[in-house]
Every structure is written in C-alpha cells, then in structure tokens.
Amino acid sequence: RTQAEMAHTCRGTINLSTAHIDTEDSCNIVLSNGGRTYHLKANSEVERQRWVTALELAKAKAIRMRNNQSDDSGDEEPASQSDKSELHGTLKTLSSKLEDLSTCNDLIAKHGAALQRSLSELENLKLPAESGEKIKAVNERATLFRITSNAMINACRDFLDLAETHSRKWQRALQYEREQRIRLEETIEQLAKQHNSLERACRGAPGLSASSTGIASTAKGSVQSAKGEASDEDEETEYFDAMEDAPAFITVTADPKHHRRSGSNVSGASEGHPEDWNLEDSVFESSNQSSYNESTCKDLLPKKRRRTRIPDKPNYSLNLWSIMKNCIGKELSKIPMPVNFNEPLSMLQRLTEDLEYHELLDKAVKCESSTEQMCFVAAFSVSSYSTTVHRTAKPFNPLLGETYELDRLEEFGFRSLCEQVSHHPPAAAHHVYSRRGWTLWQEITIASKFRGKYLSIMPLGAIHLEFHSSGNHYVWRKVTSTVHNIIVGKLWIDQSGEIEIVNHKSKDKCQLKFTPYSYFSRDVPRKVTGVVSDADGRAHYVMSGTWDEKMECSKIVHSSHGGTSTEGKQKTVYQTLAPKVLWRKYPLPENAENMYFFSDLALTLNEPEERVAPTDSRLRPDQRLMESGRWDEANVEKQRLEEKQRAVRRRREAEAVEALEEGKDYEGYVPLWFERKADAVTGELICVYKGGYWEAKEKQDWSMCPDIF
C-alpha cells in the first residue's frame with residue numbers, strides 16, 4: 001500500500017505499520033492500533049504462528065515502505081531531517097565504539113587463552129605445594145576476568161540493540177505526529193472552505209437577516225478558529241462525529257431571532273420551524289431548569305424518609321490474579337467469585353437503577369411532537385449509564401426465581417418488578433408501570449467474556465417503552481460495557497457502540513454513537529452524539545453530550561450538503577438553534593467513595609422493607625452480610641446459596657431425564673410473574689409481565705414463591 005492508502009484506510013482495516021501484534025493463547029491473535037482492537041482466531045497453534053509470522057513480516061514491510069516514501073518525498077522539515085541525522089550519527093558512533101570493544105574483546109580472549117595455557121603448563125611442573133595453590137588461584141582469576149569481559153561486551157551489544165529499537169519507535173512516533181499534523185491542517189482548511197460557503201449560502205437565503213452572515217465558528221474539542229468580526233454577538237459552531245448513515249456533519253448554532261420562515265421554503269435536505277422552539281413554555285425549556293434541580297423538587301414531594309448512607313466498605317486486600325488466572329475465556333456467570341469483587345446489590349437492583357432519571361419519561365409524555373418525545377427517550381437511554389462511571393464492582397448474580405420490586409407509586413408514580421427468569425444463560429425480565437402515562441419492559445441477557453486484560457459485558461435483548469396516550473412504542477438495545485485494567489492498574493469502565501432508537505408507530509429514529517476512549521483522540525471522553533430524524537429521513541434534532549454528565553438537544557432549522565471530508569465522504573451541515581440541556585447527572589452523595597460510589601437511589605435499593613416477596617433481593621443473606629461489612633460470613637453464605645441452587649438444578653435435570661424415559665413432556669422452570677411471548681412489534685420471544693404480583697402483595701399471599709434463600 002502507498003502512504004496515502006495507509007493514511008486513508010476504509011472501515012474494517014488496521015494500519016499494520018503502527019499496530020501492536022499480540023497473542024492471547026494457543027489460537028488467538030490480538031491486533032491493536034490506538035482505540036481499535038481486532039481479535040483473530042486460528043484453527044490451530046501452527047496456523048496461528050504462521051499468521052503471526054506473516055503479520056510481522058507485513059508490518060516490517062509497511063514500516064520500510066513508509067520510511068522510504070518519507071525519504072523520497074523530500075518535503076520533510078529541516079528540523080526533522082536534522083533530528084534524523086543526529087539519531088543516525090549517534091547510532092554510528094555507538095556502532096564504532098562497539099567495534100572497538102569487540103576488537104578489545106578478541107585481544108582479551110586471545111591473551112587470556114595464552115595466559116591460561118601458560119598457567120596450565122606451570123601447574124604441570126613439579127613445584128612446591130604452596131606454589132601450585134597460588135598458580136591455581138591465578139588461573140581461576142584469569143577465567144573470571146575472561147567471563148567478565150565477555151559479559152561486558154554482551155551488555156554493550158544489548159545496549160546498541162536497545163538503542164536501535166528505540167530509534168525505530170521514535171521515528172514511528174515522529175511519523176505519526178507528522179501525519180496527524182497534516183490531517184489537522186487539511187481539516188482546518190476544509191472547515192474554513194465550508195464556513196465560507198455556508199456564509200455565502202446564508203447571505204443568499206431568503207428570510208435571513210444580514211447580521212446572521214457573520215457567524216463565528218468554533219470547532220469544539222480540537223480545532224478552534226477566530227471569531228467572525230462581522231457578527232454582533234458570539235455564536236458557536238459544533239462539529240459532531242460521523243454516524244453510519246451520515247458520514248460527517250457539522251452544526252452551526254444560529255440566532256432564533258433571525259431565522260423565521262418566510263413564504264418560500266429554504267432549500268436544503270430538511271427544514272424546521274424555529275418558532276416551534278418555544279422559549280416560554282416548551283417542555284424543553286422546563287427540562288433545562290428542572291433536570292438539574294430535580295433533587296430539590298423531589299424534596300417538596302411528600303415521601304417516605306429513606307436512608308442516605310450505608311456502612312463504609314471494608315478495606316480487605318485480595319490477590320486478584322490468583323483467582324482470575326484460571327478464568328480466562330470463561331463466561332463470567334460461571335466463575336465462582338468471592339464477594340470481595342462485588343457490590344452489595346444484585347443485578348436485578350442494578351437493572352432497576354435505570355429508572356433513576358424517570359422524570360425524563362414523565363416530561364416526554366407531555367410532548368406533542370413525536371420527534372421531541374424521541375429526544376427525551378434518547379436522553380433517558382443515555383442516563384442509565386451515568387451510574388457506571390465509578391462502579392467497577394460486580395453486582396451479585398441473582399438466583400433463579402429471585403425477584404426485586406421498587407414501589408414508588410405514591411412518590412413518583414411508578415412501580416417496578418424484576419425477576420430472574422433463567423440462570424444459564426442468566427436472563428432477567430423487568431416491567432415498569434407509571435400512572436403518569438408510560439410503561440417500560442425488557443428482558444436482558446448478559447453475555448460477558450474475560451480477556452485477561454479487560455472484561456467485555458454485552459447486554460442482549462431489547463428495551464420497550466410505550467406511552468399510553470399517544471401509543472408511541474420505542475425500542476432500543478444497550479451498548480457494550482468494557483472494564484479495563486483487570487489485572488494491573490486502576491479499574492475503569494468505558495461504553496462503546498451505537499444505539500438505534502425506533503418509534504415503531506411514527507417510524508422516527510434516533511442514532512446515538514458512544515465514542516470509545518482513545519489515548520490519541522482529542523475528543524471529550526465518554527462522548528455521545530446523535531441525530532433524531534423522522535420517517536422520511538429528515539433530521540430534526542442533534543443530540544450531544546457525555547454519558548456520565550449531561551445530554552443536550554439542538555433543534556435543526558436548516559440542513560444542506562457541505563464539502564467532502566478527507567475520507568472522500570460528503571458532510572452534512574446542520575444549522576441549529578442554541579442547545580438545551582435535557583438531562584444532567586445528579587451529584588453523588590457525600591462519602592460516596594467509601595460507599596461503593598452509590599447514588600442517592602442506589603443507597604435506598606437494598607434498604608429493608610416490609611411486605612415484599614420472600615424471593616426479594618433485599619432478603620438475600622449473603623448480600624445483606626456484605627453490606628454490613630461481614631465479608632467472611634458473606635462468602636460462606638454465598639457458597640451455601642449457590643450449592644443449594646445447584647442441587648435444585650440437578651433435581652430438575654433428573655426429573656427431565658425421568659420424564660424423557662417415560663415418554664412424557666417436561667416443562668422445566670417456569671417464571672412465576674412473567675411469561676414468554678412473541679413480541680407484536682419485533683417478533684422476538686420475550687418475557688412479559690403476566691400480572692398477579694401486586695395483588696399477591698396486597699393479600700400477602702406468597703404461597704406460590706419458591707424457597708431460594
């Protein structure tokens with residue numbers, strides 16, 4: 001490949017010249033380059049070794065080609081040429097000195113051998129016993145001297161090899177920075193051209209005031225240009241990462257006073273009504289204030305007083321590697337873990353934590369437009385990840401038949417129920433009803449793999465949300481969570497992937513992209529961007545923010561096709577009104593670092609409550625002991641519960657075999673409060689709530705509940 005091809009590769013490729021090649025086990029190969037990682041699997045160890053050899057050769061060839069092309073281009077800066085000359089001069093001097101040392105080594109070896117021969121001859125002579133001992137001692141010292149000299153020469157040779165290796169690394173790093181600078185210059189030039197063309201388009205567009213032509217541009221994050229002097233007030237232009245169906249787009253923040261629709265339409269890919277962006281009484285404006293001050297508003301509501309702290313986490317040390325070394329490649333749910341790696345909540349309670357920002361859905365009910373409603377649903381889908389940024393501990397795996405209820409009907413208008421409906425694979429069903437106008441349900445299966453250095457957690461299953469009055473039915477899926485530095489270093493969590501939210505009634509869509517963390521990226525960490533479009537594909541809103549802090553929404557008033565990016569893809573320019581904050585994360589409670597970084601809601605999830613089902617997670621003894629700081633007792637109790645569950649599973653397997661021998665059907669485990677049905681929208685089999693739980697709670701009739709604790 002040429003240098004241009006390597007610099008502008010298509011999706012699905014990796015630049016071998018800067019890639020790191022590693023092997024996980026006898027058949028797996030890992031290729032990594034910055035934030036991109038590929039896992040390759042060979043059929044055998046021999047085939048893996050052939051691939052590794054071929055990749056190393058291709059990598060060496062790519063580096064040589066890149067260096068040769070850099071040398072032939074003749075356009076490198078004098079400073080880099082002088083640096084290169086200095087490096088080569090240093091290596092040449094080191095090589096010369098090494099040759100001198102090698103010559104000295106040969107002479108030392110030659111004279112040392114002659115000295116040893118002479119001493120051997122002296123030993124053979126008939127000399128007094130005392131002289132013989134002295135000659136033997138001198139001989140031993142000569143041998144040690146020769147060994148030391150050889151070691152010195154070998155050390156010098158190793159030093160030269162190391163210097164050459166680091167020289168190549170320095171050259172690669174220098175080349176990478178040079179390429180990044182060139183790309184940055186090209187990007188700045190391209191943005192300047194697009195800005196000029198956009199200004200010309202604004203001048204020629206009907207119904208636009210002349211004062212709006214001096215829009216100042218700022219590329220947030222990495223590129224900044226000077227503010228336009230012709231503008232009466234400073235505005236911002238935000239540039240967002242590309243989506244699948246929109247290779248690249250730019251947003252320009254416009255002044256709503258200068259963007260009123262006239263009799264003729266503004267030409268472009270899509271248009272919006274700025275007057276719809278009501279600054280006085282829109283749901284967006286109310287969210288801008290109340291989402292951040294919701295905790296204050298909550299205090300005004302009559303509610304039960306709930307706990308605000310739990311016992312501090314004990315400081316127990318544990319050798320992680322001694323447990324993890326035999327677990328590589330296994331399903332996380334099948335690994336026996338001590339509670340030292342857990343937090344005192346079950347997976348059912350973590351699933352219920354998604355409702356922490358339920359008020360976003362309450363606001364969505366009030367939206368008259370389905371695209372506006374989609375913005376709140378998108379913000380809600382992102383908000384569920386805000387609690388994970390510091391939560392590196394593992395929740396308890398629920399036992400089969402375990403349940404968890406969260407009844408906040410009187411306080412916040414909703415009640416939630418979760419049940420563990422399968423153990424292998426682990427699956428939990430969740431149903432939430434709100435009398436404020438919405439219902440949410442999901443069945444989530446967690447697929448997880450421990451890769452030695454990091455842990456990948458892939459939630460499988462769709463989340464359904466339906467609004468009662470409009471009938472709008474939204475469906476989306478979660479992104480992949482990755483826990484890094486499992487063995488060495490500080491644990492940290494990243495979210496990556498894409499979420500597509502679909503309104504199956506109106507066919508509106510929202511594409512959200514969670515940008516994975518990259519050491520070389522200058523973007524804001526944990527960045528999320530997206531576009532809300534209608535059934536015809538016209539974009540109405542731009543979503544932006546981070547999954548651990550806030551999400552904003554900007555209304556699009558005009559869109560057009562801009563210039564071409566460096567990858568040859570056409571960019572879309574979105575002209576938007578000022579962004580509004582839809583969601584902002586609540587601050588963590590005081591002393592959260594000693595309480596597993598629990599939020600205010602998480603602190604209340606395991607609070608003991610009366611009248612709950614005997615299968616409720618609050619009654620799980622090992623979890624309760626861990627919360628109290630009695631971890632040794634919790635580990636013993638955890639093993640007892642798991643063994644009890646295994647005994648029940650063995651009994652079911654024996655019953656299944658017996659039924660098979662008798663020619664009878666065996667139904668297996670049947671969930672208590674949920675039933676499996678084909679979803680009317682997606683067609684997938686999903687566990688949905690069949691009713692009866694809250695009625696049983698009212699009567700306090702739990703006779704149908706199994707004994708799992």
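Label sites at E140 and E549, each approximated as a point 7 angstrom past Cα along Cα to Cβ, lie 7.0 nm apart. Applying 1/(1 + (r/R0)^6) with R0 = 35 Å to the Cβ-Cβ distance of Y316 and H166 gives a FRET efficiency near 0.25. Heavy-atom accessible area for K366, with the other protein chains in place and a 1.4 Å probe, reaches approximately 150 Å². In this structure the amide hydrogen of A447, modeled in the peptide plane, comes within under 5 Å of the amide hydrogens of M458, L460, none closer than 5 places in sequence on its chain. The largest accessible area among E590, E642, E653 belongs to the first residue in E590, E653, E642, and the rest follow in falling order (1.4 Å probe, all chains). If you roll a 1.4 Å probe over the range 602-663 with all protein chains in place, what percent of the accessible area is carbon or sulfur? Here carbon and sulfur together make up 51 percent of the probe-accessible area.
For the range 481-524, the carbon plus sulfur part of the accessible surface works out to 56%, probe radius 1.4 Å. Can you compute the FRET efficiency between R178 and T480 using 1/(1 + (r/R0)^6), with r the Cβ-Cβ distance and R0 = 41 Å? Round to the nearest 0.05. In this case the efficiency is close to 0.75. Say the cut-off is 30 Å between C-alpha atoms; which of K478/K690; K638/K664; K304/K490 go over it? Those over the limit are K638/K664; K304/K490. I'd like to know which of A19, L31, A42 lies farthest towards the positive end of the charge dipole of the range 16-69, counting +1 on Cβ of Lys and Arg and -1 on Cβ of Asp and Glu. Of the options given, the answer is A19.
Between the beta carbons of K677 and D536, assuming R0 = 35 Å, the FRET efficiency works out to 0.60 to the nearest 0.05.
Accessible surface comparison of H423, H504, probe 1.4 Å, protein chains only, largest first: the order is H504, H423.
Tell me, what is the per residue accessible area of the range 16-69 in Å², probe radius 1.4 Å?
Details: 3240 Å² over 54 residues.
Computed with neighbouring chains in place, this is 60 Å² per residue.
Couplings for the range 340-355, taken from phi via the Karplus curve 6.51 cos²θ - 1.76 cosθ + 1.60 with θ = phi - 60°, read 4, 9, 9, 10, x, 9, 8, 4, 5, 6, 5, 5, 5, 4, 4, 8 Hz in order; Gly and Pro are left as x.
Pairs exceeding a 20 Å alpha-carbon distance, out of K313/K449; K453/K550; K41/K453: K313/K449; K453/K550. Note down the net charge around W51, summing +1 for each Lys or Arg and -1 for each Asp or Glu among other residues with Cβ under 15 Å from its Cβ. Once positives and negatives cancel, what remains is -2. Surface calculation, 1.4 Å probe, protein heavy atoms: H358 sits at approximately 10 Å² accessible.
Summing Lys and Arg as +1 and Asp and Glu as -1 over all other residues whose Cβ lies under 12 Å from the Cβ of V636 gives a net charge of -3. Counting heavy atoms of the protein chains alone, W492 has an accessible area of about 90 Å² for a 1.4 Å probe. The candidates V542, V688, V524, arranged from most to least accessible area with a 1.4 Å probe in the full protein assembly, appear as V524, V688, V542.
Between C705 and S32, the simple spin-label model (points 7 angstrom out along Cα→Cβ) gives 4.6 nm. Under 19 Å from a label point set 7 Å out along the Cα-to-Cβ vector of R651, the amide N atoms of the range 376-403 belong to 399-403. Extending 7 Å from Cα along the Cβ direction at L57 and again at K505 yields two label points whose distance is 6.3 nm.
The values are calculated or read from the model by the stated rules, or taken from the named source; none is laboratory data. Being a predicted model, the structure only gives us computed values, none of them experimental. Neighbour counts are summed over all protein chains in view; Cβ atoms, including those assigned to glycine, are modelled from backbone coordinates with ideal geometry. The accessibility values were calculated without ligands, DNA or RNA, using every heavy atom of the protein model including side chains. Shrake-Rupley method; radii C 1.70, N 1.55, O 1.52, S 1.80 Å.
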